[in-house]
Amino acid sequence: MSYDEVEIEDMEWNEELQAYTYPCPCGDLFQITKEDLKLGEEIARCPSCSLYITVVYNMEDFLADSDQNRRNNGLQPSKQQPVTVA
Amino acid sequence: MEESKKLEKKDESEQRVWSWGAGTEGQLGTKILQDELFPRLLHQPSLSSISSLACGGAHVIALTSAGKALSWGRGNSGQLGHGEIVSNALLPKAVMSLDGYFITHVAAGWSHSGFVSDTGCVFTCGDGTFGQLGHGDYASHCLPVKLSCFVDQRVVQVACGMRHSLVLLKDCTRTQVYGFGSGKRGQLGVGNNKVKSVNFPRVVNGFEDDEIVGIAANGDHSAAVSVDGHAYTWGRGFKGFEDAHLPHCLNSSLNFIKVTLGWNHALAMSAEGEVYMLGGNHPGVLNISPPAKHLPESREVNLERVPGLDGMKITDIATGAEHSVIVTGKMTWGWGEHGQLGLGDTCDQMSPVTVSLGYDLNGAESIKVFCGSGFTFVVTIPLILLKL
């Protein structure tokens, strides 16, 4: 059974993993790639445990030039922001 | 000979710290990146006078009786406050930039951290993508930064959830709670209109004249307890109930002294040592719903007595994302895939089961429990420290 339903705009793009991620209760991250999303996959899995979430999204947003679409839709900014050393 | 005698003596009064559960980010303090299914006694000289711990997604902050903060575990967002981004830190390391302050309270969220000093200052560091650091922007910081907006006020507590934070302010006449970060599920408690996120502290409404003495945040939930024993929750609805955008006082005549939050459940402890639960048995983690005694009115989620504890006096509670720990004889239940229940296996438990630490408490100490998302810490704390 899916642990949760999460909208794609609540997931964060992780440059290192090249995947959209969302916190997993085990401490790791649920992950789904753009390629998965283009194929209509809606399950994001955690690599460290058996849990998975259902991702709510529009497949069309990822079919053509997904990067451009994402910016135009004003979704969450990517997680990889510069970290300030105060 | 002298030396070994001294060591032996020290050992008797030494504080003991155990950890278990998910450990692949070094959060257990065991110096290895590995899950532990059984309670593991830590041998860390730096963890010798802990007064409190805060456990987050995969990092831990320890507060010593001398007012120093140490941190370890995952550090990829700057949440350890060491001034650098590290994937993880295996050993407790002092948060050096706070050396000039006596720290009295610490909090650990999914990937951010909060520190409060005895002078009433609050500092945050880590992931700021959702405004959860409260500095008026969405920047992340790997050194604790003081929240300048509270400069003339006295902050006493901070709480960090998945993507939001709460701060408790106290002056001679009243208390106030502030929230910042993601507010999509109502977890900021700033009102009924949906707030996606705020990056600057906003006052939480709805306590009227109730004096708040404790706050908690985890997942997309928030909670507070008042001096009169009222417990409030807000944020994501439990068990599929609607999200609450303002604090909601639990409908109970019990005198609550502590509320702790998971990602889909809450525990509330009464002054009489009873423990009640909100939510729990979340689909996708624990599918089996045991028959629960429901209260007659069901417009809101029911407060349920935790089963199997009749006649036991509970002295402390803690909740991870999907598991719970209570202190009586130290019992755990919930999701156990990473060994976070400390029972030696990866099974789930629907009701409390006793964890064996293989240690008898002496009369001069008390046991405190702390949970991160998928892991657990137990600390023996001398009673003299608790009275401070």
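Going by what's in this entry, would B:VAL95 be described as open to solvent by less than 60 Å² (accessible area, probe 1.4 Å), aliphatic (A, V, I, L, M) and within 14 Å of chain A (Cβ to nearest Cβ)? Don't jump to the end; show me each part of the working.
Details: open to solvent by less than 60 Å² (accessible area, probe 1.4 Å): yes; aliphatic (A, V, I, L, M): yes; within 14 Å of chain A (Cβ to nearest Cβ): yes.
So B:VAL95 fits the description; yes.
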*If you check every pair at least six apart or on different chains, which have Cβ atoms under 7 Å apart with a residue in region B:15-44 that is without any contact (Cβ under 8 Å) to a residue 24 or more places away in the chain and away from every other protein chain (no Cβ under 13 Å) first and a residue that is open to solvent by 10 Å² or more (accessible area, probe 1.4 Å) and in a loop (DSSP other than H, G, I, E, B) second?*
B:THR30/B:LEU42; B:ARG40/B:THR30
*Considering only region B:68-116, how many residues are farther than 16 Å from B:GLN27 by Cα, touching a helix residue (DSSP H, G or I) at 6+ places or on another chain (Cβ under 9 Å) and among the small types (Gly, Ala, Ser)?*
1
*Just for region B:45-63: of the residues that are assigned to a loop (DSSP other than H, G, I, E, B) and of a type in the set (S, T, N, Q), which one is nearest to the other protein chains (Cβ to nearest Cβ)?*
B:SER46
*Please name all residue pairs, on different chains or six or more residues apart, with Cβ atoms under 6 Å, provided the first residue is in region A:11-30 and is within 11 Å of chain B (Cβ to nearest Cβ) and more than 18 Å from B:HIS164 (Cα to Cα) and the second residue is surrounded by 19 or more Cβ atoms within 10 Å (Cβ to Cβ) and aliphatic (A, V, I, L, M).*
A:CYS26/B:ALA22
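Criterion first (out of contact with any Asp or Glu (no Cβ under 7 Å at 6 or more places or on another chain) and closer than 29 Å to B:HIS43 by Cα) does B:GLY83 satisfy it?
Numbers: out of contact with any Asp or Glu (no Cβ under 7 Å at 6 or more places or on another chain): yes; closer than 29 Å to B:HIS43 by Cα: yes.
Spelling it out, B:GLY83 is indeed out of contact with any Asp or Glu (no Cβ under 7 Å at 6 or more places or on another chain) and closer than 29 Å to B:HIS43 by Cα.
Mind listing whichever residues of region B:100-128 are assigned to a loop (DSSP other than H, G, I, E, B) and open to solvent by 10 Å² or more (accessible area, probe 1.4 Å)?
Narrowing region B:100-128 to residues assigned to a loop (DSSP other than H, G, I, E, B): B:100-102, B:109-111, B:118-121, B:127-128.
B:GLY100, B:TYR101, B:PHE102, B:TRP110, B:ASP118, B:THR119, B:CYS121 - these are the residues of region B:100-128 that are assigned to a loop (DSSP other than H, G, I, E, B) and open to solvent by 10 Å² or more (accessible area, probe 1.4 Å).
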*In region B:221-235, what residues are touching a Lys or Arg at 6+ places or on another chain (Cβ under 8 Å) and surrounded by fewer than 24 Cβ atoms within 10 Å (Cβ to Cβ)?*
B:VAL225
*Pick out the one residue from B:VAL177, B:VAL145 that is more than 14 Å from chain A (Cβ to nearest Cβ) and either free of Cβ contacts under 8 Å to residues at least 60 places away in the same chain or buried (at least 18 other Cβ atoms within 10 Å of the Cβ) (or both).*
B:VAL177
*Residues located in region A:43-66, provided they are within 13 Å of A:TYR3 (Cα to Cα) and either touching a Gly at 6+ places or on another chain (Cβ under 7 Å) or in a loop (DSSP other than H, G, I, E, B) (or both)*: A:CYS46, A:CYS49, A:SER50, A:LEU51
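When you check B:ASN218 against the structure, is it within 14 Å of chain A (Cβ to nearest Cβ), closer than 16 Å to B:TRP110 by Cα and open to solvent by 20 Å² or more (accessible area, probe 1.4 Å), yes or no?
On the way: within 14 Å of chain A (Cβ to nearest Cβ): yes; closer than 16 Å to B:TRP110 by Cα: yes; open to solvent by 20 Å² or more (accessible area, probe 1.4 Å): yes.
Answer is yes for this residue.
Among the strands (runs of 3 or more DSSP E) contained in region B:172-274, which hold 1 or more residues that are more than 19 Å from the chain's Cα centre (by Cα) and either among the small types (Gly, Ala, Ser) or on the phi < 0 side of the Ramachandran plot (or both)? Before the answer, list the steps.
Numbers: elements: B:175-182, B:197-203, B:212-218, B:221-226, B:231-235, B:244-249, B:256-261, B:265-270.
Because the criterion is at least 1 residues that are more than 19 Å from the chain's Cα centre (by Cα) and either among the small types (Gly, Ala, Ser) or on the phi < 0 side of the Ramachandran plot (or both), the strands (runs of 3 or more DSSP E) in region B:172-274 that meet it are B:175-182, B:197-203, B:244-249.
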*Scan region B:326-337 and report the pairs whose first residue is under 19 Å from B:LYS258 (Cβ atoms) and whose second residue is in a strand (DSSP E or B) and among the basic types (Lys, Arg), with Cβ atoms within less than 8 Å and a gap of 6+ or a chain change.*
B:VAL327/B:LYS368
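The values are calculated or read from the model by the stated rules, or taken from the named source; none is laboratory data. Since we're looking at a predicted model, the values are computed, not measured. Positions of Cβ are backbone-derived with ideal geometry, glycine not excepted, and every protein chain shown enters the neighbour counts. Please note that ligands, DNA and RNA were not included when accessible areas were found on the heavy atoms of the full protein model with its side chains. Shrake-Rupley method; radii C 1.70, N 1.55, O 1.52, S 1.80 Å.
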